[in-house]
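Input: a single structure, listed below in C-alpha cells.
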Amino acid sequence: MSEKAISNTDKNSRHIAVIGAGSIGINCALSLQRDGHRVVMIDPLEPGEGCSSGNAGLLARSSFIPLSSPGLLFDVPGWLLDPMGPLAIRWSYLPKLAPWLIRYILAGKKANLQPTADALQHLTDACVDLYAGLAEEAGEPELIKRSSYIYVYESKKSFDKDAGGFDLRRKMNIEVQELGQAEIQAAEPALSPAYQHAYLVPDHGFTLDPLALMRTLAKLFERRGGEVRQTSVQDIVMRSDGCTTLILEDDDLEVDQVVLAAGAYSGKLAAKLGSPVPLDTERGYHITIPRPGAMPSMPVMSGDAKFLATPMSVGLRLAGTVEFAGLDAAPNYKRARNLIKHGQRMFPGLQTDEFSEWMGRRPTLPDSLPVVGRSPKHDNIFFAFGHQHIGLTAGPETGRIIADLVADRRSNIDLTPYRADRF
Ligand SMILES: Cc1cc2nc3c(=O)[nH]c(=O)nc-3n(C[C@H](O)[C@H](O)[C@H](O)COP(=O)(O)OP(=O)(O)OC[C@H]3O[C@@H](n4cnc5c(N)ncnc54)[C@H](O)[C@@H]3O)c2cc1C
C-alpha cells in the first residue's frame, strides 16, 4: 500500500523523540506526525512488544471505575490467601511497595470516586471509534470488532457487590443491561450454565490481536515518514539552548522535544527530569489457547474470579490477575496456569492441550490516573505513562492530548488530574 509521507516543512514542525513504542508511544507518535512534526520512536523492543502485546484486547469504554475503591480493603485479605485469587504480592517486595500501597488505599476514598471516573472516562470514551479509524487508515480494519461486553457472575453476592460501579456507569451515559441465567445462555451458549447473573454493556469493542494492531499502526507511522530506532534511552541531557540530547545505547540524538511513554519503565527517567512519581507495576498474565474448542462471541469478564476471556484471531485469550513483584522479578507462570482452571470453569468444553503463556507489566500510579501532560520542570518534555489496566484503550486519546499540548492548542478537557506534580 502506498502512503504519502507527512510533510514536515512547516515552520512550527519540531523534531520529536517518543521514548517507548507501546500503545501510548505509538499513538502519540501518530498524532504528532499528523501535525507535521518529524518524529522518531525509540524502543529496545520491536514496536508493541512490551505490555501492549499481550493484553486482553478490550477497548474498554466503560472501564473508568478507579482501581481503588471504598470497599476494596475487605476483599484484599481473601484474595491474598487464595492461591487461585486475582491478587498476589511477592512478600520480599512488600517493603518497597508499602508507601505506594498506602497511597493506593487512601486514594480509594468516596470523595475521589466521581472525579477520578470523570478523568478516566475522557481517555476511554471514544476508543472504539478512534481505533476503528486508525485500523482503517492502516489498511487492516478487520482488527477492530464492535461488540458488547459481558460481566458474568456465579454468585449473587459478587453481582450485588459490583452494582454500585454499574450504577455509576449508567449515570455516566453507559448503557447497562442486567441478564439472568437463560439470557446469558442465549447471548453466549459456550458459557457454563453456572452463571446466574450478568451485566451486559452494549456499544463496546475489542481487537482481534493487540500485537498485530500495534505492528500495523507502527508500520503506518513508518510509511508516513516516521523513524523507528531499536535501542534504549539511557539518559536525557537538558541543554542550555533549549534542545535535548538523548543518550542512546549506541549513539546520542539531539531533538527539540521529548515524549516519555516508556510504560512501567518511565519512573526512572521522569525522576531524572525532576519529576519523581510513585509509579509501580501491576504485573498481569495471559494464556492464549489457539484451538480452544469453545469460544465466546464477545469479551467476557468473570465478576467472581476477575479475569477476561477474549475471542481473538490467535485463539481464546484468558487474561488478568494482579501481581506486585516489581519490574525485574522473574514471572511466576503458575499464576497464568490458574487462568486455565478458571477458563475450564467458564467454558465447560474448553480444550487446553496447547497454549502459550505471557506476563506483562501494567504501569500504575496509586490514584488510578496516568501522568499525561507537559513536564512541570521542562517546557519541551511531555509525559504519557501510567495507564494501568486501560493503556490499550486510552492510547488514541492520550496521543491527541499530547499533540494538542505540543501545538499549544487549547484542550477541551481539564488536564489537571493527570499532572505529574499532583503527588
Ligand atoms: C494481563 C493484562 C491484560 C490487559 N488487558 C487490557 C485490555 O484489555 N485493555 C486495555 O486497554 N488495557 C489492557 N491492559 C493494560 C495495557 O496493556 C497497558 O496499560 C498498556 O500496554 C501500557 O502501554 P504503554 O505504551 O504505556 O506501555 P508498554 O506497552 O509497556 O510500552 C512501553 C515501551 O517502552 C519501552 N521502554 C522502556 N524503557 C525504555 C527506554 N529507556 N528507552 C526506550 N524505550 C523504553 C519498553 O520496551 C516498551 O516497549 C492489560 C494489561 C495486562 C498485563
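Nothing in this text is a laboratory measurement; each read-out follows from the coordinates by a stated rule. Since the model is a prediction, treat every value here as computed from it, not as a measurement. Neighbour counts are summed over all protein chains in view; Cβ atoms, including those assigned to glycine, are modelled from backbone coordinates with ideal geometry.
Of note:
- Neighbourhood net charge (13 Å Cβ-Cβ; Lys/Arg +1, Asp/Glu -1) for Val277: +3
- Of Asp209, Asp125, Asp250, the residue with the greatest mean-square motion in the GNM of the chain, using alpha carbon springs below 10 Å, is Asp250.
- If the chain linking Asn332 and Glu222 were pulled fully straight, counting 0.36 nm for each residue of separation and taking away their Cα-Cα distance, it would gain 36.0 nm.
- On Cα atoms only, tilt of 395-406 relative to the major axis of the chain in degrees: 30
- Relative to the longest principal axis of the Cα atoms of the chain, the long axis of helix 334-346 makes an angle of roughly 50 degrees.
- Considering only alpha-carbon pairs that sit under 8 angstrom and 6 or more positions apart, the relative contact order computed for region 219-356 is 19 percent.
- Applying 1/(1 + (r/R0)^6) with R0 = 25 Å to the Cβ-Cβ distance of Lys341 and Gln230 gives a FRET efficiency near 0.10.
- Set of region 324-339 residues, backbone N closer than 19 Å to the point 7 Å along the Cα-Cβ line of Ser356: 331-339
- For Lys156, the lysines whose Cα falls under 21 Å of its own Cα, not counting residues fewer than eight places away in the same chain, are Lys306.
- Qualifying trypsin sites (Lys or Arg not before Pro) in region 25-108, DSSP loop, other Cβ atoms within 10 Å at most 16: Arg90
- At an R0 of 30 angstrom, the distance between the Cβ atoms of Gln177 and Leu106 translates into a FRET efficiency of 0.30.
- Extension gain, Asp250 to Trp91, is 53.5 nm, computed as 0.36 nm per intervening residue step minus the present C-alpha separation.
- Ranked by how many other beta carbons lie within 10 Å on average, peptides 360-370, 72-82, 13-23, 130-140 from highest: 13-23, 360-370, 130-140, 72-82
- Taking every DSSP bridge with both residues inside the chain, close to 70 percent are antiparallel.
- Taking the number of Cβ atoms within 10 Å of each Cβ as an exposure proxy, the fewest-first ranking of Leu220, Leu113 is Leu113, Leu220.
- Of Lys110/Lys145; Lys110/Lys334; Lys219/Lys268, pairs whose Cα-Cα distance is over 31 Å: Lys110/Lys145; Lys110/Lys334
- Backbone N under 15 Å from the Ser155 label point (7 Å along Cα→Cβ), restricted to region 307-338: 307
- 3J(HN,Hα) from dihedral phi, region 179-192, Karplus parametrisation 6.51/-1.76/1.60, rounded to Hz, x for glycine, proline: 10, x, 4, 5, 5, 5, 4, 5, 6, 9, x, 6, 6, 4
- Exposure proxy ranking, count of Cβ atoms within 10 Å, fewest first, for Ile381, Ile105: Ile105, Ile381
- Of the trypsin sites (Lys or Arg not before Pro) found in region 179-242, those in coil by DSSP whose Cβ has at most 16 other Cβ atoms within 10 Å are Arg239.
- Tyr285, Tyr153 arranged by Cβ crowding within 10 Å, fewest neighbours leading: Tyr153, Tyr285
- Net charge of neighbours whose Cβ lies under 11 Å from the Cβ of Val371, counting Lys and Arg as +1 and Asp and Glu as -1: +1
- Within region 128-178, none of the trypsin sites (Lys or Arg not before Pro) combine a DSSP coil assignment with at most 15 other C-beta atoms in a 10 angstrom radius.
- Mean residue ellipticity, 222 nm, helices only, the chain: the sum of -39500 (n - 2.57) across DSSP H runs of n ≥ 4, divided by residue count and rounded to 500, is -9500 deg cm²/dmol.
- Placing R0 at 45 angstrom, the Cβ-Cβ distance between Asp379 and Asp82 gives a FRET efficiency of 0.40 after rounding to 0.05.
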